[in-house]
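Read the structure below first, then the notes.
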Amino acid sequence: GDSVTQMEGPVTLSEEAFLTINCTYTATGYPSLFWYVQYPGEGLQLLLKATKADDKGSNKGFEATYRKETTSFHLEKGSVQVSDSAVYFCALRITGANSKLTFGKGITLSVRP
Amino acid sequence: NAGVTQTPKFQVLKTGQSMTLQCAQDMNHEYMSWYRQDPGMGLRLIHYSVGAGITDQGEVPNGYNVSRSTTEDFPLRLLSAAPSQTSVYFCASSAIWTGGNTEAFFGQGTRLTVV
């Protein structure tokens, strides 16, 4: 079946540090890949996405590149801010009318001033 | 722009009680789903629907029922609450997946405690 594996957390960084959150996947078909973010007390919201190999998704300074050869979609940001403190979820979805979002376990990021 | 609306935001139940978590969306999305979020487990799919009158089971359906009588509403029913159902529940909706721009929109969540 389809699955998403995220690196273990939590992650604590100082403001302006470089961020990498690893995400790898296994899929029975050709997936689209997503990063969702959950701020404290809120629901999930889409951060960025990529729908085919070598696509780069980007938003709010975050980037992730769809690497089919390594089945990865690592999230990066060059300089984190305190306001980036949240839970980050990697997810995939296979094309098709009944396709479901499959999530990783999520990782909590805390950014210190 | 209401998006996806879940009610209630918080609920405490006694073991054996029943209740319905409400979910409504105003984006005319065909696809709706329910997830539960537990520490260290990520989000797990409970039930989903691809349109009015059509529902199917997800990864963890036991103890939950759903129905989809309209495009807008997708309630989740707990028939006899158990402490193992203590969790945060999220409803999500999206257009039917075509491989393109099909972002899923999430509600604010319902924090349920079963004592």
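The values are calculated or read from the model by the stated rules, or taken from the named source; none is laboratory data. Since the model is a prediction, treat every value here as computed from it, not as a measurement. We work out accessible area using only protein heavy atoms, side chains counted, and drop any ligands, DNA or RNA first. Shrake-Rupley method; radii C 1.70, N 1.55, O 1.52, S 1.80 Å.
Observations, loosely collected:
- Under 5 Å between amide hydrogens, built in the peptide plane, is the criterion, and for B:Asp26 it picks out B:Gly3 among residues at least 5 positions away or on other chains.
- Distance between the C-alpha centres of segment B:47-114 and segment A:42-113: 22 Å, rounded to the whole angstrom.
- For chain A, the Kirkwood estimate of hydrodynamic radius, built from reciprocal distances between every pair of different alpha carbons, is 14.1 Å.
- Chain B - percent of accessible surface contributed by carbon and sulfur, probe 1.4 Å: 50 percent
- For A:Ser99, the residues 5 or more places off, or on other chains, whose built amide H falls under 5 Å of its own are B:Trp97.
- Taking the C-alpha atoms of segment A:56-113, convex hull volume expressed per residue in Å³: 109 Å³
- For B:Val66, solvent-accessible area (1.4 Å; no DNA, RNA or ligand), Å²: 30 Å²
- Using the alpha carbons alone, the radius of gyration of segment B:61-115 stands to its Kirkwood radius in an Rg to Rh ratio of 1.04.
- Rolled with a 1.4 Å probe across the full set of protein chains, the surface gives A:Phe18 an accessible area near 120 Å².
- Size descriptor, Kirkwood hydrodynamic radius, that averages inverse alpha-carbon separations across the protein assembly as shown, Å: 18.1 Å
- Overall, the anisotropy analysis places segment A:32-80 in the prolate class: the square-rooted eigenvalues a ≥ b ≥ c of its C-alpha gyration tensor yield a/c not less than 1.5, with a/b exceeding b/c.
- Taking all protein chains into account, the per residue accessible area for chain A stands at 46 Å² (1.4 Å probe).
- Value of D in µm² per second that Stokes-Einstein yields for segment B:25-75, Kirkwood Rh from Cα pairs, at 10 °C (1.306 mPa s): 140 µm²/s
- Accessible area buried, both sides summed, chains B and A with 1.4 Å probe, Å²: 1900 Å²
- Geometric descriptor of chain B, per residue, is 99 Å³ (volume of the convex hull of the Cα atoms).
- The accessible area of B:His47, taken with all protein chains in place and a 1.4 Å probe, comes to roughly 10 Å².
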